[in-house]
Amino acid sequence: MYRVGEFEIAIVSDGYIKLDAGAVNGLVPRLLWEPVIGAENVDAQHRMALGLNCMVVRRGGDVLLIETGMGNKHGPQVREKSFPGDYGYLVGALAGLGLQPEDVTAVANTHLHTDHCGWNTVRRDDGTLVPTFPRARYFIQAGEYEAAMHPNERTRGTYFAENFEPLASTGQLELVSGEAQVIPGVHFLAMPGHTADHAALVLSSNGETALYTGDLVHHAVQLERPAWIAAFDILPLVSLESKKQLAERAIRERALVIMTHAEFPGVGRLTERDGRRTFIPE
């Protein structure tokens, strides 16, 4: 558990996915990234494991879940070919905290790629899709929702309407724009680049700050070295500016930083000394 002012924070894992290590590191040559990632952390298919770190934020009667991982709707073929890994554990992890799906009052997605919103919905035995968290309002950036509902040739392999379209029919979908409040003290922070409407989340309470990065970074080194940009980013030069902005705020406010795809729990602080930035796990 972590505390940020009045907020109680817990990191819960949905498991991990494996993605091509070269793609995670973008244009950075293997000669440079392999010593940082570690050759032992790259498998025979040149894939590296990325965590699926979701965050539970509690204060008073609010129970906010940030990101919902991969979920359990992908069949064996998709798991094997497109999204290998070991995942689908989020609901069990919440139970470990004493939380049932109906206890969650709000869900926030940084964006709608399938590894960030898979547990937004669940498939019943009769095949119908329903929100996993029946009492929650689901907060999503309006521009991201529009892009996800109308994917193009590049994005249709990771935007799956089954993860978000059912939310509208139950009246639980909350489309917002920019730095909107999710619950008191928690706001979206526009951090475009990975997608045009990607947003991080910021928690502020009693002079303390936490920053949840979403896919602004896939590994801590990308926070330390902003020019290391994943090949998945739609707008890489915009990502560069977003990362610089987030890193400067993290250092200035001594913020607790939570990274979605780092090794569990993905929590730490970014420090700077003599112009060199280092992520220190907590």
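The values are calculated or read from the model by the stated rules, or taken from the named source; none is laboratory data. Everything quoted here is computed from the prediction, not taken from an experiment. Every residue, glycine among them, receives a Cβ derived from its backbone with ideal geometry; neighbour counts consider all protein chains shown.
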field: All positions within region 156-166 that are touching a residue at least 40 places away in the same chain (Cβ under 8 Å) and more than 17 Å from the chain's Cα centre (by Cα)
entry: G157, E162, P166
- prompt: Considering only residues of region 1-41 that are over 24 Å from V202 (Cα atoms) and assigned to a loop (DSSP other than H, G, I, E, B), which is farthest from the chain's Cα centre (by Cα)?
  reply: P29
- prompt: Looking at L240, L246, which is the one that is hydrophobic (A, V, I, L, M, F, W, C), surrounded by fewer than 18 Cβ atoms within 10 Å (Cβ to Cβ), in a helix (DSSP H, G or I) and modelled with pLDDT of 95 or more?
  reply: L240
- request: Look through region 180-237, keep the residues that are among the hydroxyl-bearing types (S, T, Y) and surrounded by 23 or more Cβ atoms within 10 Å (Cβ to Cβ), and return whichever of them is nearest to P35 (Cα to Cα).
  value: T213
task: For region 138-152, state whether one or more residues are in contact with a strand residue (DSSP E or B) (Cβ under 8 Å, 6 or more places away or on another chain), surrounded by fewer than 22 Cβ atoms within 10 Å (Cβ to Cβ) and touching a residue at least 60 places away in the same chain (Cβ under 8 Å).
output: no
- prompt: Of the residues D233, D215, which is assigned to a loop (DSSP other than H, G, I, E, B) and either in contact (Cβ under 8 Å) with a residue 24 or more places away in the chain or over 24 Å from A21 (Cα atoms) (or both)?
  reply: D233
field: The lone exception for A95 - which of (1) closer than 30 Å to E6 by Cα; (2) in contact (Cβ under 8 Å) with a residue 12 or more places away in the chain it fails
entry: (2)
